[in-house]
Amino acid sequence: MGAEAARVADSGAAAGEPLAGEVAFERRGHLGVATLNRPAAVNALTAGMAAAMLEQLTLWADDDAVAAVLVRGAGDRGLCAGGDIVAIYRDMLDGGDATAEFWAVEYRLNLLISEYPKPYLAFMDGLVLGGGVGISAHGSVRIVTERTRTGMPETTIGFVPDVGGTLLLAGSPGETGTHAALTGAHLSGADALFLGLADCFVPSGRLPDLAAALETEAAEAAVARFAEPAPASVLAAQQEWIDACYSSDDAEEILRRLRAFGGEAGGEAAAAADTIEAKSPTAVKVALESLRRVRGLSLEQALEQEYRVGLRFLDGSDFREGIRAQVVDKDRNPRWKPATLAEVTGTDVAAYFAPLGGRELKLSPKEKNAEKNKEKNHV
């Protein structure tokens with residue numbers, strides 16, 4: 001589905017009026033509203049939706065009639081459960097390029113959101129996973145609720161955090177982001193605030209009133225009026241043992257420490273070890289290396305690294321096998337290759353980060369300028 005087919009132009013439609021397309025756009029007062037509209041799929045992001053959002057947000061950035069942008073999800077299950085992994089699975093089976101093209105657009109959208117010149121508000125209510133984090137956590141005003149369940153669960157399906165998630169989690173306090181990435185745990189709104197993935201807490205029942213207020217009020221003032229103290233973060237209370245266990249750059253050493261801390265941490269550390277051992281060994285090791293390599297990078301560079309790694313996973317077997325086991329056949333019994341962490345070598349991991357040559361995603365200013373100069377020299 002192309003951007004035009006997915007899009008509803010600024011309409012000023014009345015509240016309660018049915019939405020059209022996979023993502024709908026409206027202008028309400030001076031607020032631009034983007035509503036992801038696949039509620040049966042918890043608003044899983046498709047290529048058409050990403051393209052439509054990139055197009056419309058670019059237009060709104062230069063529209064003086066739009067003072068702020070709000071992104072929300074249709075239905076009551078969540079903002080976005082991530083990318084449409086069934087479509088990715090079919091593309092892998094067909095040996096196509098659709099997923100690579102989707103990610104190229106999606107990552108540009110993530111970058112645009114991070115640099116947006118106007119307040120970009122995201123209602124992170126309900127499920128906000130994977131790609132849903134990409135269209136929310138890079139925004140300037142990220143709002144969670146008591147219903148928020150967020151995270152980057154990619155290792156469960158034989159993949160690694162992307163959409164800039166490696167940079168976000170690498171910047172979380174201590175090693176809590178490493179714990180979130182390797183376990184793929186679903187996190188509460190309070191945990192999201194602690195990790196730095198969100199900014200404020202608003203009860204879900206007050207979101208409609210906040211959205212209405214944003215039509216006429218300045219974003220900062222409206223949010224401040226509705227925000228409330230968040231509950232305590234469970235993850236924050238666990239940081240001591242998390243930091244002690246995850247400070248290693250070696251996945252097998254992390255597991256050993258988690259086992260050793262199992263008794264002292266009330267079983268939480270041992271449970272984390274069990275969770276990690278059930279994930280794709282390749283994905284666990286590459287995810288850990290991704291978080292270590294991303295430190296000090298810009299978001300552009302992080303997305304380029306994630307794209308490089310992602311294309312390598314498309315060529316492997318674990319990503320396809322993970323989707324099959326979790327979503328297609330639903331037997332929850334993936335057969336990972338290699339099957340153990342010990343079998344995944346440092347050379348194997350390093351290969352995921354090797355340059356792609358002509359297939360590189362060029363987002364960083366340095367690479368874009370080099371490309372421009374190359375084009376000039378050929379004129």
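The values are calculated or read from the model by the stated rules, or taken from the named source; none is laboratory data. These numbers come from a predicted model, not from an experiment. We place every Cβ from the backbone using ideal geometry, glycine too, and count neighbours over all the protein chains shown. Heavy atoms of the whole protein, side chains included, go into the accessibility calculation; ligands, DNA and RNA do not. Shrake-Rupley method; radii C 1.70, N 1.55, O 1.52, S 1.80 Å.
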With an 8 Å cut-off on Cα pairs and a minimum separation of 6 or more residues, tell me the relative contact order of the chain in percent. 14
Note down the relative contact order for segment 124-222 as a percent, whole number, built from C-alpha pairs under 8 angstrom at least six residues apart. 31
Search the structure for amide H atoms under 5 Å from the amide H of Ala68, placed 1.01 Å from N in the peptide plane, and list their residues when 5 or more places away or on another chain. Gly32
Using θ = phi - 60° and the Karplus relation 6.51 cos²θ - 1.76 cosθ + 1.60, list the HN-Hα couplings for segment 70-84 in order, rounded to whole Hz, with x at every Gly or Pro. 10, 10, 8, x, 6, x, 10, 9, x, 5, 6, 7, x, x, 6
So for the chain, taking the charge dipole from beta-carbon charges (+1 Lys/Arg, -1 Asp/Glu), which of Gly164, Gln239, Val223 sits furthest toward the positive end? Gly164
Assigned charges on the beta-carbon of Lys, Arg, Asp, Glu; segment 131-266 dipole about Cα centre (debye): 280
Estimated 222 nm signal from helices in the chain, with DSSP H stretches of n ≥ 4 weighted -39500 (n - 2.57), rounded to 500: -13500 deg cm²/dmol
Counting only residues 5 or more places away or on other chains, whose amide H sits under 5 Å from the amide H of Arg147 once H atoms are built in the peptide plane? Gly126, Ser204
Output wanted: per-residue J couplings in Hz (rounded whole) for segment 32-46, from phi through Karplus 6.51 cos²θ - 1.76 cosθ + 1.60, θ = phi - 60°, x for Gly and Pro. x, 10, 10, 10, 5, 10, 10, x, 5, 9, 6, 6, 4, 7, 9
Please check: in the Gaussian network model of the chain (C-alpha springs, under 10 Å), which one of Glu106, Glu343, Glu252 has the largest mean-square fluctuation. Glu343
Interchain or sequence-distant (5+) residues whose placed amide H lies within less than 5 Å of the amide H of Gly83 are Leu45, Gly131, Gly132
Starting from the Cα of Asp331, step 7 Å along the direction of its Cβ; do the same at Thr216; then give the gap between the two resulting points in nm. 6.0
Segment 155-169 - phi-based ³J(HN,Hα) in whole Hz, Karplus 6.51/-1.76/1.60, Gly and Pro as x: 4, 5, 10, x, 10, 10, x, 9, 6, x, x, 5, 5, 4, 6
Given 0.36 nm per residue, what is the gain on full extension from Leu93 to Ala339 after removing their alpha carbon distance, in nm? 86.4 nm
Please give the per residue accessible area of the chain, computed with a probe of 1.4 Å over protein heavy atoms only, in Å². 41
